[in-house]
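Presented below is the structure to which this report refers.
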Amino acid sequence: MQAEKLFDLRGQVAVVTGAASGLGLAITKTLAANGAHVALLDLNVDTLAAATNWVKDHGYSAESHQVDVSDSAALRTTIDGVAERHGRLDILVANAGISGGPNSRTDAGAIENVSDELWNRVVDVNLTATFVAIQSAAKHMKKQKSGRIVAIASIAGLRGDPMTGYAYASSKGAVVNLVKQASWELAPYNVLVNGIAPGPFRTNIAGGRIREPEIEKAFADTVPLGRIAETDEIMGLALLLCSKASSFMTGAVIPIDGGTVAI
Ligand SMILES: NC(=O)c1ccc[n+]([C@@H]2O[C@H](COP(=O)([O-])OP(=O)(O)OC[C@H]3O[C@@H](n4cnc5c(N)ncnc54)[C@H](O)[C@@H]3O)[C@@H](O)[C@H]2O)c1
């Protein structure tokens with residue numbers, strides 16, 4: 001089959017959380033460019049408007065919703081609204097996430113210094129909101145007997161991670177198993193659930209600290225390819241998992257990390 005047909009998303013409706021920046025924005029752009037109507041969900045009203053304008057200015061189809069994904073009721077209402085207005089929901093990319101503070105090799109990130117407040121906020125945004133988004137989308141996808149769900153985990157969820165903190169690594173590890181759990185239940189409904197486990201990408205996470213030369217080098221030194229990734233490098237894998245090119249894939253969590261977890 002021609003590549004164009006394998007990756008054709010025309011007529012499909014997608015929801016992307018955390019769509020205004022970084023990986024979510026790159027994923028939004030590729031879904032829209034391949035024909036999907038994309039509902040962009042994000043907390044940040046200014047970047048959300050800019051991202052939505054980018055999609056529309058390029059002649060693609062989009063709508064935007066300002067929502068804090070850790071507000072479960074608001075997230076459910078938003079996803080239900082998109083599905084009900086369009087009469088379908090084909091793709092969910094549960095991407096919104098935040099960093100977990102200092103890494104656990106520093107004093108500030110040592111286990112005795114992880115506050116309840118930090119732990120709860122990170123788990124609320126990275127894990128609970130991912131669950132609520134999947135739960136909301138699955139309701140519609142089960143009825144229509146089709147759908148693609150992609151959760152953005154992290155290589156910090158695949159093994160202990162020297163570069164991140166307890167709350168982040170724990171929340172992402174749980175996202176990995178959430179993907180596997182949902183894939184079992186939803187497979188008979190032709191709803192395919194997969195995860196992406198990125199290594200370091202140049203985004204605005206943690207206030208964009210990864211762009212600081214010293215921090216970038218510390219991350220790059222952990223990567224066999226010897227560098228961190230540009231945001232657009234997520235596009236191919238995300239499009240694969242949202243399109244018919246991956247029709248026999250479910251329950252997979254795929255690292256995209258320059259080889260980091262291979263060593
Ligand atoms: N950048 C990396 O190196 C890296 C590595 C592994 C995994 N990830 C994961 O990728 C995902 C995207 O992160 P990114 O690196 O693109 O960061 P980013 O900060 O550039 O983008 C995250 C987006 O999510 C939004 N967001 C944050 N909290 C939200 C909330 N409560 N409600 C709604 N929107 C919210 C932000 O406004 C932002 O637009 C996250 O789940 C992150 O954990 C990133």
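The values are calculated or read from the model by the stated rules, or taken from the named source; none is laboratory data. Please read these numbers as outputs of a predicted model, since none were measured by experiment. Every residue, glycine among them, receives a Cβ derived from its backbone with ideal geometry; neighbour counts consider all protein chains shown. Ligands, DNA and RNA are stripped out before the accessible areas are found, and what is left, the full protein with its side chains, is counted by its heavy atoms. Shrake-Rupley method; radii C 1.70, N 1.55, O 1.52, S 1.80 Å.
Just for the range 100-138: of the residues that are of a type in the set (Gly, Ala, Ser) and surrounded by 20 or more Cβ atoms within 10 Å (Cβ to Cβ), which one is nearest to the ligand (Cβ to nearest atom)?
Step one: of the range 100-138, the residues of a type in the set (Gly, Ala, Ser) are 100-101, 104, 108-110, 115, 129, 133, 136-138.
Still in the list and also surrounded by 20 or more Cβ atoms within 10 Å (Cβ to Cβ): 100-101, 104, 129, 133, 136-138.
Working: GLY100: 9, GLY101: 13, SER104: 16, ALA129: 7, ALA133: 10, SER136: 14, ALA137: 16, ALA138: 19 Å.
In this case the residue turns out to be ALA129.
Just one of (1) open to solvent by 10 Å² or more (accessible area, probe 1.4 Å); (2) touching a residue at least 24 places away in the same chain (Cβ under 8 Å); (3) more than 12 Å from the ligand (Cβ to nearest atom) trips up ILE91, so point out which.
So ILE91 meets the others, but not (1).
If I filter the range 254-263 for residues that are β-branched (Val, Ile, Thr), more than 30 Å from GLN2 (Cα to Cα) and not in a loop (DSSP other than H, G, I, E, B), do I get at least one hit?
Scanning the range 254-263 turns up at least one residue that is β-branched (Val, Ile, Thr), more than 30 Å from GLN2 (Cα to Cα) and not in a loop (DSSP other than H, G, I, E, B).
Looking at this structure, is ALA245 within 12 Å of the ligand (Cβ to nearest atom) and not in a loop (DSSP other than H, G, I, E, B)?
It is false that ALA245 is within 12 Å of the ligand (Cβ to nearest atom) and not in a loop (DSSP other than H, G, I, E, B).
Name the helices (runs of 4 or more DSSP H) wholly inside the range 162-241 in which the number of residues that are open to solvent by 80 Å² or more (accessible area, probe 1.4 Å) and closer than 30 Å to ASN34 by Cα is 2 or more.
Fully inside the range 162-241 and qualifying: 166-186.
Residue by residue, here is whether (1) in contact with a Leu (Cβ under 9 Å, 6 or more places away or on another chain); (2) without any contact (Cβ under 8 Å) to a residue 40 or more places away in the chain; (3) within 16 Å of the ligand (Cβ to nearest atom) holds:
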{"residue": "TYR189", "(1), (2), (3)": "no, no, no"}
{"residue": "ARG211", "(1), (2), (3)": "no, yes, yes"}
{"residue": "LEU225", "(1), (2), (3)": "no, yes, yes"}
{"residue": "GLY258", "(1), (2), (3)": "yes, no, yes"}
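Would you confirm whether or not the range 146-161 contains a residue that is more than 13 Å from the ligand (Cβ to nearest atom), closer than 22 Å to SER243 by Cβ, more than 17 Å from the chain's Cα centre (by Cα) and surrounded by fewer than 23 Cβ atoms within 10 Å (Cβ to Cβ)?
Yes, because at least one residue in the range 146-161 is more than 13 Å from the ligand (Cβ to nearest atom), closer than 22 Å to SER243 by Cβ, more than 17 Å from the chain's Cα centre (by Cα) and surrounded by fewer than 23 Cβ atoms within 10 Å (Cβ to Cβ).
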